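Participant: Quick one: this structure, given as structure tokens, is what I'll be asking you about.
The values are calculated or read from the model by the stated rules, or taken from the named source; none is laboratory data. Because the structure is predicted, anything quoted here is derived from the model rather than measured. Cβ placement follows ideal geometry from the backbone for every residue including glycine, while neighbour counts extend to all protein chains displayed. Each accessible area value is taken on the protein alone, full model and side chains, heavy atoms only, with ligands, DNA and RNA left out. Shrake-Rupley method; radii C 1.70, N 1.55, O 1.52, S 1.80 Å.
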Amino acid sequence: MKPIAKKSITIASLVVLDQVIKAIIRHNYFDKNFWILDEIFAFRPKVNTNQSYLGNYVNIFSYPWFAILINVFVIVIVYYIYQYYCFCAKQEKILPKAIYVLLLSGAFCSLIDKIFFGGSLDYILLFDWFIFDLKDCYISGAEVLFAFVAIKDYRVIQKVRIRDITHFCYRRWRKNDIN
């Protein structure tokens, strides 16, 4: 099986898992609340209609059309930056591949939530601070892995120029002439 197919199947599986869990909660457990781990984790379903974490604090991020636009932009940027990474690295490593899969899975879950449900069904409460869902775990996992890779490969990353990435992405998008 080609690497792109493996990643696509993994991304689709993670998206389906997130959406199935939300469907089960939405139809069977939306009115339930209980502590999972002694006032650390709780099950407390709530629909976040502010569209994103930032939407809770900055008004423009709570507008559905703006949140969807940002979401699509993130998906496109993640895709092209990963293409640039593959072009430069000549060989895929497991951590960048995991970051890519987790970020795209989280972004697609978020897009589905925004378009079809008007917000995200969050259901895990942490320390009575904030509520999150599986999609947020995907994104947070990708962030942690990215921080690890950025620290580990700092010397290589500091040589990357935004101009080179932009030029690569434009050529890939416009002409598809990079082998």
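Participant: Tally time: how many residues in segment 1-29 are open to solvent by 90 Å² or more (accessible area, probe 1.4 Å) and touching a Phe, Trp or Tyr at 6+ places or on another chain (Cβ under 9 Å)?
Facilitator: Total meeting the criteria: 1.
Participant: Filtering segment 30-50 down to residues that are loosely packed, with under 14 Cβ neighbours inside 10 Å and among the polar types (S, T, N, Q), which residue is farthest from the chain's Cα centre (by Cα)?
Facilitator: ASN33
Participant: Right, another one. Are there any pairs with C-beta distances below 6 angstrom linking a residue in segment 1-21 that is in contact (Cβ under 8 Å) with a residue 60 or more places away in the chain to a residue that is aromatic (Phe, Trp, Tyr), with the two at least 6 apart or on different chains, and if so which?
Facilitator: Listed by first residue and then by second, the contacts come to VAL15/PHE108.
Participant: Among the numbered conditions (1) closer than 18 Å to ILE9 by Cα; (2) part of a helix (DSSP H, G or I); (3) acidic (Asp, Glu), tell me where ASP113 comes up short.
Facilitator: Of (1) closer than 18 Å to ILE9 by Cα; (2) part of a helix (DSSP H, G or I); (3) acidic (Asp, Glu), only one is false for ASP113: (1).
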